[in-house]
Every structure is written in C-alpha cells, then in structure tokens.
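Questions regarding the structure given below will be posed in turn.
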Amino acid sequence: MTGVVGAAPGGPDLRSLPRGRLEERVALAGGKPFNARQLFRWLHRRGAASLAEMTDLPLRLRERLAGESRLDTLERAGEQRSADGTIKWTWRTADGRLVESVYLPEPDRKTLCVSSQAGCGMGCTFCLTGTMGFGRNLTAGELVDQVHRANRRLVELGEGAAPRPLTNLVFMGMGEPLQNLDGLVTALDLLLDADGADFSHRRVTVSTSGLVPGIRRLGAETTVKLAVSLNATTDAQRDAIMPVNRRWPIAALLEACREFPLKPGRRITFEYVLLGGFNDADEDAERLARLLRGLPAKVNLIAYNESAGLPFRAPAPERVEALQRLLVARRVNAVVRRNRGRDISAACGQLAAAGGSLTSPAGPG
Ligand code: SAH
Ligand code: SF4
C-alpha cells in the first residue's frame, strides 16, 4: 500500500480486522475511540483505498498505523459489461491473484455476487471454477473490498448514489464460502455493521455446496440467509457430480438444514442446476419434492451454462418448465433463475478468472 508515509512494512491488514481489534490498534497507536470510529467508517462505509484519503484523521495517527499495518485494496484488472446490464469485474489481489465479482441489476434490487476464494477445491465436475482447483481463501478485507470497489465503480458509472448503490449480496461467486468461515464471519460482521456498509441480514445470502459443520457454524454465528446447492436427488447422482456428498450425503445435509435457525417467514434456498439428461427427469422433480417435504424451502432452478471442456449439457428449455410445474404441483415453491451475463461469462459456474489461471500475468495487466 502507499500510505501517507510510503510503503508499509507489513503488519495486519486493517480492513481484515474485526471492529474490536481495529479499535485496539487505534488505541495502541495513541488514537482516541472517536478516531477508531472515523477509521472504521473510512474503511467500511466509504471504502477508502488508502490512509491518505482519510484526511480528517490526525496525520500522526495515520503515520503510526501505516508503520504498523497495511491496507490491502483490490485493483480493478478487468470490467466486462453485458447487454442485460450485468457487469463482471476481475480484481487483482495484493499478491497477484485474480478473482471476480458480478453485478446483477434488477428493478427492485442491485445485487453483487461475491467470490470467497481464489479458485475452489470442492471439485464439482460441472463447474468451471471447480476445474481451477483451490488457490487460497480470500481475507475478510478482500471479501468486503469486493463490495467497496463495486460500490465506488457503480457510483462512477451513474448506477446509484454514494456510498452504497448495492442493496443485496450473494456469496455465490468463485469458491466455497464455508471453507473460509473465519474470513466469512468477520466479513459479514463488517458488512452488516451500522457504521460500515450497513447491509440488512435479510439481504445477504451465503451459498454452500453442503459443508455440514460449516452450515451449523453459520447458523450459530450469523443471521444471514442460507442457500444450498443440492443439484441432485439421490446420493449416487450427487456423488457423481459433487465429491462433498461422499462426506456429507443428502440425508446429513438436509438434517443440518432442518436444524438451521431460521427467522420467522424465512426459507432456505435450494439451488438445483439442471444438467441435460442427467438430473432433469420427471422423477427428479418427484424425489426433490419428497426430500424437501416439511422444510421451509424455496427451489431455484438453474439451467446449466455449458463450458467448453466440461462434459455436461444445458437442459432442453421444456425440461426446466416441466420440473418447475411438477414441483409447484407438489406445493414446492420453485422459481427458474434467469440466466444473466452469459455473453460475458458472468453466469453461474462460468467464473474462472483469465481462463483459469490463478495469478495475473507478469507485467502491466
Ligand atoms: N461454492 C458455492 C457457491 C458458488 S457456486 C456453492 O457451490 O454453492 C454458485 C452456484 O452456481 C451453485 O449453486 C452451483 O451449483 C452453480 N453452478 C456451478 N456451475 C454452474 C453452471 N455451469 N451452470 C449453472 N450453475 C452452475
Ligand atoms: Fe466450488 Fe461451488 Fe463450483 Fe462446487 S459449484 S466447484 S463448490 S464454486
């Protein structure tokens, strides 16, 4: 980072610190509690990219902080805009990883799809991110900074008012969020803080491929919404496409869902990617309805987005409709997720920064 006094020697990343730890550091650096709140607001409400921006913080305090800590900020390495309004950004981390976020504007909401890891180690056979393998967990600061960089860019593009055009967040980008629980929980606390970006827990959703202990911890430590990528209705079928199922099969997964603490009126979203000829038969809808019986569930049917090199095919459009009809007839709340940003490879499962390479090419990008 380029602080007020040049390059910092290291130390913790200020944007990754839980609020209490940030306050401690400010106190140790000789700042007042009031200064800690100012710093927090710069980092998490206004999304400052450097200490130099924080002109109302005492210079001496900024110098102390710059000497003892860093401020990592994502650099925008790419921006692609779809005909339907979707925008995909590629961000470069301080150590040169590339990760992506996708902006999905709708009449009543502006959602950012946030990445949780560089790559993903879960190995789902239909998912492009899965083919990259695991890179590393993103830090809490990198999770929240996707939101800040997007907000700032959206203001520049006239998509909304500062400091926060975004209204909703979904952790459905690259990576498995529940494999990055420490970073995720800290990031959620920061994003929901009234002095920070101030998101409502009703407008934040975390999607998992089905890590059962992680689902329990998410329920115990946060109040955000849960989405589960089910994608199959028998263990044999799910084993074949999602290796996580061999560890936590469907029954264990649904038990964790039944025990997940839900606010009144809230439902768990089950994502179901339709793979043509694989899981899109009438019997799949019947089994799905049976599995979800008694669960406060909502099903998101997603037509598979094909990727070159992966063996799966998109379902016939009439199969998507047929499954929805069959589910609704069995009183399952099922909607078809509209495919957004396919022309810029921003749709579900198409995120794989720079065609799959995990680090940025050498030289100016
Ligand atoms: N790792 C988490 C969150 C990111 S994946 C998870 O798996 O839930 C987000 C969603 O995209 C998941 O529901 C996944 O099943 C779906 N998906 C992955 N590849 C896809 C593709 N090619 N077409 C459509 N959906 C896909
Ligand atoms: Fe990872 Fe989710 Fe893709 Fe599976 S579907 S490989 S968990 S990003």
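The values are calculated or read from the model by the stated rules, or taken from the named source; none is laboratory data. Bear in mind the structure is a predicted one, so any value in this text is a computation, not a measurement. No Cβ is skipped: glycine too gets one built from the backbone with ideal geometry, and neighbour counts run over all protein chains shown.
What residue, among those in the range 124-150 that are away from ligand 1 (no atom under 16 Å from the Cβ) and surrounded by fewer than 24 Cβ atoms within 10 Å (Cβ to Cβ), is farthest from residue 16 (Cα to Cα)?
For the range 124-150, the residue satisfying everything is 149.
Now, a different point. Quick one: residue 50 ticks every box in (1) outside the structural domain of residue 185 (by TED's automatic domain parsing); (2) crowded, with 18+ Cβ neighbours inside 10 Å except a single one, so which number is it?
(2)
Looking only at the range 225-248, filter to residues that are part of a helix (DSSP H, G or I) and in contact with a Cys (Cβ under 9 Å, 6 or more places away or on another chain); which one of those is farthest from residue 126 (Cα to Cα)?
Among those residues, the one meeting the criterion is 244.
Mind checking whether some residue in the range 93-112 is within 9 Å of ligand 2 (Cβ to nearest atom), out of contact with any strand residue (DSSP E or B) (no Cβ under 6 Å at 6 or more places or on another chain) and either β-branched (Val, Ile, Thr) or outside the structural domain of residue 159 (by TED's automatic domain parsing) (or both)?
Taking every residue of the range 93-112 in turn, none turns out to be within 9 Å of ligand 2 (Cβ to nearest atom), out of contact with any strand residue (DSSP E or B) (no Cβ under 6 Å at 6 or more places or on another chain) and either β-branched (Val, Ile, Thr) or outside the structural domain of residue 159 (by TED's automatic domain parsing) (or both).
So, one more: In the range 4-27, which residues are on the phi < 0 side of the Ramachandran plot and at pLDDT below 95?
4, 5, 7, 8, 9
Output the number of residues of the range 69-98 satisfying the condition of being part of a strand (DSSP E or B) and of a type outside the set (A, V, I, L, M).
Final tally of qualifying residues: 13.
Quick one: which of 303, 352, 347, 289 is more than 16 Å from ligand 2 (Cβ to nearest atom) and surrounded by 15 or more Cβ atoms within 10 Å (Cβ to Cβ)?
289
In the range 124-140, how many are within 16 Å of the chain's Cα centre (by Cα) and among the polar types (S, T, N, Q)?
Summing the residues that are within 16 Å of the chain's Cα centre (by Cα) and among the polar types (S, T, N, Q) in the range 124-140 gives 3.
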